[in-house]
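Below you'll find the structure, written out as structure tokens, and then a few comments.
The values are calculated or read from the model by the stated rules, or taken from the named source; none is laboratory data. All values reported here derive from a predicted model rather than from experimental measurement. Virtual Cβ from ideal backbone geometry, glycine too; neighbours counted across all protein chains shown. Just the protein is used for accessible areas: all its heavy atoms, side chains included, with ligands, DNA and RNA removed. Shrake-Rupley method; radii C 1.70, N 1.55, O 1.52, S 1.80 Å.
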Number of protein chains: 4
Amino acid sequence: VRIVMRPTATVREIARVAATIETMGCQAHIAREDKRTTIGAAGSPQQLDRDHLLALPGVQEILDTRMPFKLAGREFHAQPTTVRVGDLSIGGDALAVFAGPCAVESEDQMLATAQAVKSGGAHALRGGAFKPRTSPYSFQGLGREGLQILDRVRRATGLPVASEITHPEDVSAMVETVDILQIGARNMQNYALLQAVGRVQTPVLLKRGMMSTLEELLMSAEYILAQGNSQVILCERGIRTFETYTRNTLDISAVPLLKQLSHLPVIVDPSHGTGRRELVEPIALAAVAAGADGLLIEVHVDPDSALSDGHQSLTPARFEALMERLRPVADVVGRTM
Amino acid sequence: VRIVMRPTATVREIARVAATIETMGCQAHIAREDKRTTIGAAGSPQQLDRDHLLALPGVQEILDTRMPFKLAGREFHAQPTTVRVGDLSIGGDALAVFAGPCAVESEDQMLATAQAVKSGGAHALRGGAFKPRTSPYSFQGLGREGLQILDRVRRATGLPVASEITHPEDVSAMVETVDILQIGARNMQNYALLQAVGRVQTPVLLKRGMMSTLEELLMSAEYILAQGNSQVILCERGIRTFETYTRNTLDISAVPLLKQLSHLPVIVDPSHGTGRRELVEPIALAAVAAGADGLLIEVHVDPDSALSDGHQSLTPARFEALMERLRPVADVVGRTM
Amino acid sequence: VRIVMRPTATVREIARVAATIETMGCQAHIAREDKRTTIGAAGSPQQLDRDHLLALPGVQEILDTRMPFKLAGREFHAQPTTVRVGDLSIGGDALAVFAGPCAVESEDQMLATAQAVKSGGAHALRGGAFKPRTSPYSFQGLGREGLQILDRVRRATGLPVASEITHPEDVSAMVETVDILQIGARNMQNYALLQAVGRVQTPVLLKRGMMSTLEELLMSAEYILAQGNSQVILCERGIRTFETYTRNTLDISAVPLLKQLSHLPVIVDPSHGTGRRELVEPIALAAVAAGADGLLIEVHVDPDSALSDGHQSLTPARFEALMERLRPVADVVGRTM
Amino acid sequence: VRIVMRPTATVREIARVAATIETMGCQAHIAREDKRTTIGAAGSPQQLDRDHLLALPGVQEILDTRMPFKLAGREFHAQPTTVRVGDLSIGGDALAVFAGPCAVESEDQMLATAQAVKSGGAHALRGGAFKPRTSPYSFQGLGREGLQILDRVRRATGLPVASEITHPEDVSAMVETVDILQIGARNMQNYALLQAVGRVQTPVLLKRGMMSTLEELLMSAEYILAQGNSQVILCERGIRTFETYTRNTLDISAVPLLKQLSHLPVIVDPSHGTGRRELVEPIALAAVAAGADGLLIEVHVDPDSALSDGHQSLTPARFEALMERLRPVADVVGRTM
């Protein structure tokens, strides 16, 4: 909690507020930022008598310091947000599982995968038409053709589709063909893109940058929310560390922390988070046990011939087995599937 | 898998082995180290006909490259190791929960905590008599007096005790008063200490260094095993990253990876791994779901007056509630409590 | 160096190439990727007789493995690239120093700063009109108005101007008003933006992402080069680590490594690289001693009232003193100023 | 700067001190730790009127917050410390260069290297008799026999010798045979070892842990100083990051920061700091330009046959060339060689 003083507040008024905060059992931290004095109250802010503080001379308002994310934070929005896509709810009691290949490769591949994951129990399909790749010479996705495939597959199967957007100009085309716009890790701080998806009402799945703090992730969500789109899903997908056995280090603590800091739904991507097929199942179970609202799982009908990320993709059979294993864990933490 | 060639092997013999490996469906990688040529076989090494390879001219033996840890690795020790401390087994079907304060502060505190965690369902007591602290001016533990307290408390409660050792000279005193010797994160590569605890038969709880790779952790275990002590328990306790909301980033993937690479039991310390009391429960649940053999939980009868780590310690009541929550998750992954 | 085999190459042909490489004093590593077999030659590739290898049956071509960046790499472009902006050359004998404020705040501020840094010896002006900020509520720059200010200031002072671009749509407006398009750390992997600046001929200053590897930086340069813009300057600006005394950890080894791997000019930003005013001078000296082609220095006429990054900005007087200190170091490493 | 209040200070007295600090142009931060209230003064602490503050009711003393390292810090020891080993001074005007192999391999090798580096201009010899290695199966050094070799070589050449100590028990043997006790990166927080070398008067070369902050490094120096040994040299040798081209990321900012925070000499190890022979020279030049008091360089008479770290060792000829290149840079920053 932070008490904002009026620009005209005197040193005496500031000192009185600080002393009052201390009397109420908190530690006071006086700071002057951009000509404005604020007094932080650390410790047990619930003990503060806010009305009394607001009545002191020189006090303008009371804010929360830990949360520079006003719209994404829990402070002014205590109830969890549920993102709705047709019949699917993300962030409610039911666990939401997105499954599908890294990249849209062909209509046959997408349709086969979609049918397989639907029958395995997935609630939504994932698949990239635009693939941001480290090398300009790697496969960059089928582009607009890939979007058409996704559109036909979602109509054929009834599964809602999440797909990555990489260019602000693509928003209008993508909102026609997909149900959820995914912002990839590399673009988490591409503010032009965040603002563009903030100006539509299509749900956005925002992945944490591989080098980003949780505060930065929430500030990026704030960019979208501040434009008027309140349908944001956060996704932990692993961060970059010195460990080399795994592609990334999945930050499992991000799940309860994000749930505590924010009202937005939080899902986990164990496929990118580990980069290894055999780790997807234990980490998926862990994510649900830690309180995740859903999962993003790479599934490919033929992982060994996948154009990207085959080594971390499950076969449909293995995905189905994973879903069976998830059910009792979901049950324990009070989730339905 | 790596094929080691004899020092006398000719280029032609080496090329023939490489070509044979390729024919068997793997990729061959020829390397010359210290005058010795070895040929790695990557891909699907289970497809290799090892007898056929061993019969080729110039071949000396077949080794596994991924595992420079011969004793800690699964390769020559496929069955999981169960570490036994009196009636307690670590690494078997039953989950093992160690609980207690960061530091031994007094006999009253230890006895009260021990009774509380025992009644809450803990299987062993933790508590440090020697505390390695970043500052020489911080509380360094009660030392030998702390050991005496631990000894009396384990006799009074029947709980086995784990406590940190920081000096090779202390081995003989500690094996008399505690049941499990803990090597802390800062000492994971203190080889003099590892060798000293390797020369006794008391079980060792080896914590991962805060910026150590899993391979380094297993190599440190190897130091202990190589001295003859086979009773080693590995512990994931979080690594150092750029994220600042948490004290460390708990590497949940370490659990299934260590279980896959090694036969040693793997436990998780969600208290140090997160540094925040409110994250201990969700991360403990996640660790068990990911396959951990046990947990190390900081519990203090009065966390706010703890001499160290109070902010990440649970009260006995909260510990008991955590144990209740753990039970069904343990059940789902086939563990008893 | 990597020998690419024809798709039709037989196992016998592959083995013969591998054996030949070994005979020439290198280690051979056979790999099969996407149905294509390649044989890496590690060790002392300069000892390879390339003509002889190319003449062997089954060999298609010889590539360099360490450099997936064909255009940015030294392999096919041994001579260093000199980027020219009017009279200024970056990457030649003369050191190039960019100086100016983090953000364009007003015409008065920019003009005063520009005159001060010009008189202090700077070769180019820096200043952001579009500021990508972690929070949507922070000052985002003056935008198009800022560009107009930069345009008038460069006309008034004759200094070329570098300014950050954040949106692909801004390319056409920016190439009219600034001389060098800067890509910030957060956008290093914003491929839509990289491709957009690749389609013009204006020089690009590409900053390393705060948690990007050098290989990723060079691959991002490759995105620009592959579109036809060959005027790319690389910039080391510090990476994110666990150290907290500094804002970032400046990776000084990046300078000689990038110069060795690539023909592109390499400059260093000690202001962002340290985040502390008092470290700018020693790190600037170190960067030049390590072989940097130039520096990017934050200078503000009144750092304490700067709208952003004031704590890491030099005053004009301190900048002038730095330039004096740089001169003899530049001289020692054979650079002119 | 931090003002410590008496335990009996009233809230009114605390508020008055805070208000006074604000009046003097700083920000006040009130904190209560262990029942004691302290008030931090951030911003421009040199503006504080310390006498006036000390005279206020309730004030006990004034401390510096940024420096929990009382003995290693500059605060109470403004003059730089010069460590003396015979005729060699480390931390004065003259640059001190330590050169030699990673490990003592034989008397011939050590003697040849010592003579070569002495003739190349080195001031001291380095070489490990005890080698802490990640694997228990790697070469661990010649041990006591290596110490005897070092003793004979220093007598033969007159060069002082630095060598790593790994076990508290070895102190008495080592102080007889070497001139400087080196604490390696893995043992930076091995407090039993730090205290043991703190109890003798032999100079200690303390390397930064690969996972340690600068504050932790200084706190480890504090452990040695607190035991009575004031002859400590700090060494930056690279930290662990995600970058893989280099073995470690050398933190060049550590040099000016450590010099600013502490009075102890600071040297740089570009051999371990980069892990690549071709980077040693540019990084050595950078370190001296940034203000280092000396360098630690790996030199081997036959790097390709070295038992460890050959790839990062210079030949004597290359070392001599480096010394020639260093001279003018040292001159520019006011150092003699």
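At a glance:
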| quantity | calculated |
| --- | --- |
| Unmet criterion (only one of (1) open to solvent by 20 Å² or more (accessible area, probe 1.4 Å); (2) within 20 Å of the chain's Cα centre (by Cα)) for D:L206 | (1) |
| Check on D:S305, modelled with pLDDT of 95 or more and among the hydroxyl-bearing types (S, T, Y) | no |
| Selection from segment B:126-153 of residues that are of a type in the set (A, V, I, L, M, F, W, C) and farther than 18 Å from B:V175 by Cβ | B:F139, B:L142 |
| Flag if D:T113 is touching a residue at least 40 places away in the same chain (Cβ under 8 Å) and crowded, with 17+ Cβ neighbours inside 10 Å | yes |
| Residue within segment B:118-136 that is over 21 Å from the mean Cα position of the chain (by Cα), of a type in the set (S, T, Y) and within 14 Å of another protein chain (Cβ to nearest Cβ) present | yes |
| Residues that are at the interface with chain C (Cβ under 10 Å from one of its Cβ atoms), over 16 Å from A:P80 (Cα atoms) and assigned to a helix (DSSP H, G or I), drawn from segment A:214-233 | A:E215, A:E216, A:M219, A:S220, A:Y223, A:I224, A:A226 |
| Residues that are modelled with pLDDT of 85 or more and open to solvent by 10 Å² or more (accessible area, probe 1.4 Å), drawn from segment D:10-50 | D:E13, D:R16, D:T20 |
| Identity of the residue in segment C:185-202, touching a Leu at 6+ places or on another chain (Cβ under 9 Å), facing chain A (nearest Cβ under 9 Å) and in a loop (DSSP other than H, G, I, E, B), that ends up surrounded by the most Cβ atoms within 10 Å (Cβ to Cβ) | C:N190 |
| All positions within segment D:209-223 that are open to solvent by 10 Å² or more (accessible area, probe 1.4 Å) and either touching a Cys at 6+ places or on another chain (Cβ under 6 Å) or among the aliphatic types (A, V, I, L, M) (or both) | D:M210, D:M211 |
| Criterion violated by D:A321 - all others in (1) over 27 Å from A:T241 (Cβ atoms); (2) touching a residue at least 60 places away in the same chain (Cβ under 8 Å) satisfied | (2) |
| Residue count, segment A:93-107 (criterion: open to solvent by less than 40 Å² (accessible area, probe 1.4 Å) and without any contact (Cβ under 8 Å) to a residue 60 or more places away in the chain) | 1 |
| Filter result for B:L285 (at the interface with chain A (Cβ under 8 Å from one of its Cβ atoms) and out of contact with any Ser or Thr (no Cβ under 9 Å at 6 or more places or on another chain)) | yes |
| Index of the failed condition, D:A122 passing every other in (1) out of contact with any helix residue (DSSP H, G or I) (no Cβ under 9 Å at 6 or more places or on another chain); (2) open to solvent by less than 20 Å² (accessible area, probe 1.4 Å) | (1) |
| Residue within segment C:98-112 that is of a type in the set (F, W, Y) and closer than 17 Å to C:S163 by Cβ present | yes |
| Exclusive hit being within 15 Å of C:L250 (Cβ to Cβ) and polar (S, T, N, Q), set D:T241, D:T213 | D:T241 |
| D:L261 being touching a residue at least 40 places away in the same chain (Cβ under 8 Å) and at the interface with chain C (Cβ under 10 Å from one of its Cβ atoms) | yes |
| Enumeration of residues in segment C:241-270 that are over 17 Å from C:E215 (Cβ atoms) and charged (D, E, K, R) | C:E243, C:R247, C:D269 |
| Of all residues in segment B:51-76 being under 21 Å from A:Y245 (Cα atoms) and open to solvent by 70 Å² or more (accessible area, probe 1.4 Å), the one that is modelled with the lowest pLDDT | B:R66 |
| Residue that is at pLDDT 95 or above and farther than 23 Å from B:E216 by Cβ, where the choices are D:G294, D:G238 | D:G294 |
| Selection from segment A:269-281 of residues that are in contact with a Ser or Thr (Cβ under 8 Å, 6 or more places away or on another chain) and either modelled with pLDDT of 95 or more or not charged (D, E, K, R) (or both) | A:S271, A:G273, A:T274, A:G275, A:L279, A:V280 |
| Tally of residues being over 27 Å from D:S313 (Cβ atoms), in contact with a helix residue (DSSP H, G or I) (Cβ under 6 Å, 6 or more places away or on another chain) and open to solvent by 10 Å² or more (accessible area, probe 1.4 Å) across segment D:224-269 | 2 |
| Qualifying strands (runs of 3 or more DSSP E) (wholly inside segment D:46-115; at least 1 residues being in contact with a Gly (Cβ under 8 Å, 6 or more places away or on another chain)) | D:83-85, D:88-90, D:96-100 |
| Matching entry among C:T246, C:T241 (being of a type in the set (V, I, T), part of a loop (DSSP other than H, G, I, E, B) and away from chain A (no Cβ under 14 Å)) | C:T246 |
| Count of residues meeting criterion [out of contact with any strand residue (DSSP E or B) (no Cβ under 8 Å at 6 or more places or on another chain), in contact (Cβ under 8 Å) with a residue 24 or more places away in the chain and surrounded by 24 or more Cβ atoms within 10 Å (Cβ to Cβ)] in segment A:273-289 | 5 |
| B:E298 being assigned to a strand (DSSP E or B) and either open to solvent by less than 10 Å² (accessible area, probe 1.4 Å) or more than 22 Å from B:V161 (Cα to Cα) (or both) | yes |
| Members of segment C:141-157 found to be open to solvent by 60 Å² or more (accessible area, probe 1.4 Å) and either touching a helix residue (DSSP H, G or I) at 6+ places or on another chain (Cβ under 8 Å) or among the hydrophobic types (A, V, I, L, M, F, W, C) (or both), listed by number | C:R144, C:Q148, C:R152, C:A156 |
| Scope segment B:164-184; condition within 13 Å of chain D (Cβ to nearest Cβ) and outside any helix (DSSP H, G or I); matching residues | B:E164, B:I165, B:T166, B:H167, B:I183, B:G184 |
